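Derivation of every value follows stated rules applied to the coordinates shown; laboratory data play no part. Keep in mind the model is a prediction, meaning the values are calculated, not measured. With ideal geometry, Cβ positions are generated from the backbone for all residues, glycine too; neighbour counts draw on all protein chains shown.
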Amino acid sequence: MTPDEKIAQLYGLWVGASNEGAEVAPHQHDMDRPPSLDDLLPSGLGQLTRPFGTAPVDPALGALSLMRTQERIAAANRFGIPAMAHEECLAGFAAWGATTYPVPLSWGASFDPDLVRVMAAAIGRDMRAVGIHQGLAPVLDVVRDARWGRVEETIGEDPYLVGTIATAYIQGLESAGVVATLKHFAGYSASRAGRNLAPVSMGPRERADVVLPPFEMAVRESGVRSVMHAYTDTDGVPSAADEELLTGLLRDTWGFDGTVVADYFGIAFLKTLHGVAADWADAAGTALTAGVDIELPTVKTFGQPLRDAVAAGRIDEKLIDRALRRVLTQKAQLGLLDPGWSPVPPALAGADLTDPESLRGTVDLDSAAHRELSRRLAERSVILLSNDGTLPLGRPARIALVGPQAETPAAVLGCYSFPVHVGSQHPGTPPGIDLPTLRQALVAEFPGAEIVTVAGCGIDDPDTKGFTAAVRAARDADVVIAALGDRAGLFGRGTSGEGCDAESLTLPGVQQQLLDALLDSGTPVVLTLLAGRPYALGRAVTEAAAIVQSFFPGQEGTPALAGVLGGRIAPSGRLPVSVPAHPAVQPSTYLAAPLARASEVSNIDPAAAFAFGHGLTYTAFEWDDLEVTGAGAGEDGSAVTGTDGEVELSFTVRNTGARAGSEVVQVYLHDPVASVVQPVQRLVGYLRLPLEAGEVTRVRVTVPADVAAFTGRDGRRVVEPGTLELRLAASSADVRLTARAELTGPVRQVDHTRRLHARVTAAPGATG
C-alpha cells in the first residue's frame, strides 16, 4: 500500500455533519469542511461516522444508503476495502425508531449484569442487521463528583459495580458481532469540580485503584476490541498523548490487541486545548506515538498534515504501519476483507433494492421483544429510597400529579438517546417510538382514580406562578405524586448530560421550592424522580411519605414507575451512586478514606442521605447463620488463610414478608491497617437474589485474598498480611453480618492476572 492508502485507513468521515449553526457541539465549529467522499475514495476510507445517528432516517432507507456508500468505497480503492461504520449505543442503538433502554446509571441500579448482557446483545443484533460494525459504548468512568453532567452515562461510583456491569454489556454487544468501545480511557470523570473536560488532579494510586480497574476487568474478561481515549489530561499529560497509558499499560501489560480510537476531535485538542502540539502534524504524530490508531469523527490531523509529515520524515512511517495493522486486523475479523464480502446488510437480504420507497418501514428496530427487555430493565432499576407505609398506594380516589415531569414524554430519556441527541435538532420530527408520559402510565395503573395534573413549574426556569394551583390540587387529593427531575441535553441545553454540569446538587430551577410547598400542604407526598444524577432532597428525606428514584429509565420507564407506585411491581433497584444530604458538599461517595468522612475538625459532613447500595422493598429479609471457613480458624472465630489463599463464608437469607421480593447481597471489604490509606470499605462482590414469600436460601461467598490487593507505596500492587473484615450487607450503610479473616505469610505482589471477584452464589433452601 502507498502511504496515502495506509493513512486513509486511519481516519473517519462524518458525512452529513456540519460545522454551522447554534446546535452543533462545541469545537464542531472548528471542524474543517470535510473533503467530499469522492475526493477520498481512490485512497480508501477507514471509518464512516454515524450514518444513522446524524439525522433522522427510516432504518431501511438508512441501511440502503449505507450499503450504496460501502459499494462506492470498496469499488474505488485498489484493494476493495470497505469502511467500518460506527454508531452511538449508550442507551440503545442511537437511530430513529430504535428502542431506547434505560441509561447506564440504571444498569448499575439493577445490579443485574445478566439482564444487561441480554440487552446489549439485542442492541448489537439491530446494529449489525443494518450494517453497523462498531458501537461507541460503554462508559466505564467511575463517578467521583455527581455535579459532572455525564453521570447519567456512567454505571456508578464503585469500580467493581462499574466493571462487572460494563463487562456484561460488552460481552452482549460483542456476541452480536459488534465491536464494543471502552470509554473514556482514563480519568475523564475525575475532572476538577465536576466540570466537563476540566483537568484531572488525581494521583497515580487513585488512578490505579479506582479509575483503571473497570477497564482492566473489561480487557481481561469481555473480549472488547476497541478503546477510546479520554479528553482530559491527568497531572498535565493528555490521555491522547499518554504512551505509558495507551501502549505501556493497555497493550504491553494488559495484552489488549484491538484498536484505540480518538474521542471526537480529541487529537486536534492536543494543539487547541492542551497545548502539547505545535501544529496538526505534531498532534497526529504525538497521538500515533502514544498509541491512538484512528482519528474520529472526521479527517483533520490524520489527513494532509500527516501525509506531509511522513513524506518529510517528521513522522516515522512505522507508526502508520503499526496502526494500520491493527485496523486491517479488525476489518479482517469482521469479514470486510473476505473475497466474498457483500455490502448487503442482513436487514435487506432478499429485498427489492431497486425500489427504495418499497423498503420504507420494513426494518423494525423497536420490536415487542426489545420493548419487553427495556421494560424488564426499567422495572429492576427503580429504587425505593424511603417509605412510611404509603406505598404501595392501593386504590386512591384522587391523585394530585404535580411537577414538570408529569406530562413530558422525554422525561425518561438520557442525552445520548436518539430523540434527545439528534431529534432535538430536527423540530417537527416525531420521536419514532412511543413515549407514554407519567400521567398516561398512572391513568392506566389506577383506572378508578381521578388524576389532577398540575406542572407547578418548569425543570429549570425560575417561575413560581404555578405553585398556587399545585398546592390547591395537593390539598384536595388523597395523595400527591411529585414528578421532578432533569431534562437531558447537551452542552448547557439540559440539566443533565454532556456539558450540563451542575453548580450544586439542588434540584434544578425552583423544583425544591415546589416540593417544600407540597410538603406543607398536609397531604402525603410521594416524591418520584426522573433524573440523570442524584440530588440533595432537603426536607423530603424525612418528611416525604415515600421517595422513588429512577435514572432516565427509557421508553418503558413510566409504566415501570407506575407499577412500583401501585404495587404491581416490587421495587428492587439499589443506588449505584450515593444521594447527598447537602447540595454543596461533594464528593459524597461511600468510597472514601477516613479523612474524607465527617470529623471533629471540620464543620462539613459529607455523609450521604441515602448510601450507595441502598434500596427498600415491599417485603422483609432476615440474614443469619453465618459460617466462616478458610485454611484454618483463629481463636476469635476468624478464618485464617495465606496471602495467596481464599476465605469461604455462607449464611442464610429468608424472605420473612408476605410477598415476593429481591434482596441484593453486597460483599464489602474493610482493611483496618494497611501500608497506605485505604477506603473504609469497598465492594468486592454482589448477588441479586429474588425470593418468594417465605423462601429461604443459603448464600455462599468465596473471597480470594487477591481482592484485598491495592497499590502500595512503590507503585506495585500487593496483598499484605493482616486482619480483614468481610461485611455482608444490604447496602454500604446496612451491614447485616461481619466475618473476620486473617491473612498470613509474606507481602505478595500481584499483577493483572490476579483474581478480580469474590464469588457469590445461592442454593435454594426450604420454604415455609
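Data overview
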read-out: Of the GluC sites (Glu not before Pro) in the range 592-671, those whose Cβ has at most 13 other Cβ within 10 Å and which sit in DSSP loop; value: 600, 635
read-out: Separation between Cα centres of the range 297-340 and the range 368-419, rounded to whole Å; value: 47
read-out: 3J(HN,Hα) from dihedral phi, the range 637-644, Karplus parametrisation 6.51/-1.76/1.60, rounded to Hz, x for glycine, proline; value: x, 6, 7, 10, 8, x, 5, 10
read-out: Calculated over the range 381-610: convex hull of Cα atoms, volume per residue (Å³); value: 131
read-out: Mean projection area, nm², convex hull over Cα of the range 3-359; value: 17.0
read-out: Order by protection proxy (mean Cβ within 10 Å, highest first), peptides 132-141, 446-455; value: 132-141, 446-455
read-out: Selection from 572, 385, 454 lying farthest towards where the dipole of the range 381-610 points positive, charges on Cβ; value: 572
read-out: Sorted by Cβ neighbour density within 10 Å, fewest at the top, the residues 602, 638; value: 602, 638
read-out: Lys pairs under 25 Å by Cα in the chain, provided they are eight or more residues apart or on distinct chains; value: 12
read-out: P(r) histogram, all alpha-carbon pairs of the range 609-699 included - 10 Å bins from 0, percent; value: 14, 35, 33, 16, 2
read-out: Order of 521, 588 - criterion: other Cβ atoms within 10 Å of each residue's Cβ, fewest first; value: 521, 588
read-out: 37 °C / 0.692 mPa s Stokes-Einstein diffusion coefficient of the range 368-426, Kirkwood radius on C-alpha pairs, µm²/s; value: 221
read-out: Cα gyration tensor category, rounded, prolate or oblate, for the range 621-767 with a/c compared to 1.5; value: prolate
read-out: Normalised convex hull volume, the chain, alpha-carbon set, Å³ per residue; value: 167
read-out: Ascending count of other beta-carbon atoms within 10 Å, so fewest first, for 2, 329, 617; value: 2, 329, 617
read-out: Cα-centre dipole for the range 441-529 with unit charges at Cβ (Lys and Arg positive, Asp and Glu negative), debye to 20; value: 180
read-out: Whole-Å distance, taken between Cα centres, linking the range 634-665 and the range 512-548; value: 36
read-out: Candidates per chymotrypsin sites (Phe, Trp or Tyr not before Pro) in the range 658-723, loop by DSSP, up to 11 other Cβ within 10 Å; value: none
read-out: Dipole moment magnitude, nearest 20 debye, the range 381-610 about Cα centre, only Lys, Arg, Asp, Glu C-beta charged; value: 300
read-out: Shape of the range 412-535, Cα gyration tensor, a/c cut at 1.5; value: oblate
read-out: Column: log10 I(q)/I(0), Debye, Cα scatterers of the range 497-581, q = 0.14, 0.22 Å⁻¹; value: -0.54, -1.25
read-out: Estimated 222 nm signal from helices in the chain, with DSSP H stretches of n ≥ 4 weighted -39500 (n - 2.57), rounded to 500; value: -7000 deg cm²/dmol
